[in-house]
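S.K.: Please read through the structure below; I'll follow up with questions.
The values are calculated or read from the model by the stated rules, or taken from the named source; none is laboratory data. Just so you know, these numbers come straight off a predicted model, no measurement behind them. Cβ placement follows ideal geometry from the backbone for every residue including glycine, while neighbour counts extend to all protein chains displayed.
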Amino acid sequence: MKHSANKPVLEGKRVVLVDDSIVRGTTSRKIVDMVRAAGATEVHMRISSPPTKHPCFYGIDTPEESQLMAATHSLEKMAETIGVDSLAFISFDGLYRALGHEGRVAAEGRYCDACFTGDYPIELVDKDGRLVA
């Protein structure tokens, strides 16, 4: 219950929610439902990262690819599933421009973006040291 909606502020309004990412979509759906229950007439969502389509093996708790909403749903299906009128993510190049680079190519090797691209900086191995395909 870390989120709450202020009905007098939201009732009858068109709302744009901004979040850092959508992983499974469960939290997004709860927030959208709460904003709609407070009386918002439209709910739009903007995400300040590209879609998370691949698991992170470097310390961020993201699930298997099959549980990642962006890996299994189109943009339209994601919007429908979380209940928003529209959904948009920042582009890869937009993310890198926000970091002060001309685009992803200009920042080559400086950042890990494997959870977005599937381009892991090192080969992945399983717990027994075998390469993961």
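S.K.: When the residues of region 86-122 are narrowed to those that are in a loop (DSSP other than H, G, I, E, B) and under 14 Å from Ile47 (Cα atoms), which ends up modelled with the highest pLDDT?
M.R.: Ile90
S.K.: Please find, within region 24-39, the residue that is modelled with the highest pLDDT out of those that are surrounded by fewer than 17 Cβ atoms within 10 Å (Cβ to Cβ) and not in a helix (DSSP H, G or I).
M.R.: It comes out as Gly39.
S.K.: Answer yes or no as to whether Val132 is over 30 Å from Met34 (Cα atoms) and among the aliphatic types (A, V, I, L, M).
M.R.: Judged against the criteria, Val132 is a match.
S.K.: Here's something else I'd like to know. When only residues in region 9-48 that are within 18 Å of the chain's Cα centre (by Cα) and polar (S, T, N, Q) count, which is nearest to Ser66 (Cα to Cα)?
M.R.: Here the residue is Thr26.
S.K.: Another question, then. Does region 45-55 include one or more residues that are farther than 25 Å from Thr117 by Cα, at pLDDT 95 or above and β-branched (Val, Ile, Thr)?
M.R.: no
S.K.: Next question, about the same structure. Taking the stated definitions as given, is Thr62 at negative phi, surrounded by 15 or more Cβ atoms within 10 Å (Cβ to Cβ) and among the polar types (S, T, N, Q)?
M.R.: yes
S.K.: Is it the case that Ile47 is β-branched (Val, Ile, Thr), out of contact with any Leu (no Cβ under 7 Å at 6 or more places or on another chain) and surrounded by 14 or more Cβ atoms within 10 Å (Cβ to Cβ)?
M.R.: yes
S.K.: Condition check: assigned to a helix (DSSP H, G or I), free of Cβ contacts under 8 Å to residues at least 40 places away in the same chain, surrounded by 15 or more Cβ atoms within 10 Å (Cβ to Cβ) and touching a strand residue (DSSP E or B) at 6+ places or on another chain (Cβ under 7 Å). Does Ala71 satisfy that?
M.R.: no
S.K.: While we're looking at this one, here's another question. Could you look through region 84-129, keep only residues that are of a type in the set (Ser, Thr, Tyr) and without any contact (Cβ under 8 Å) to a residue 40 or more places away in the chain, and pick out the one that is nearest to Gly39 (Cα to Cα)?
M.R.: Going through the qualifying residues, I end up with Tyr96.
S.K.: Also: Are there any pairs, at least 6 apart or on different chains, whose C-beta atoms fall under 6 Å, with the first in region 35-62 and within 16 Å of Asp20 (Cβ to Cβ) and the second among the aromatic types (Phe, Trp, Tyr), and if so, which?
M.R.: Correct list of pairs: Ile47/Phe89; Pro50/Phe89; Pro50/Phe92; Pro50/Phe116; Pro51/Phe89.
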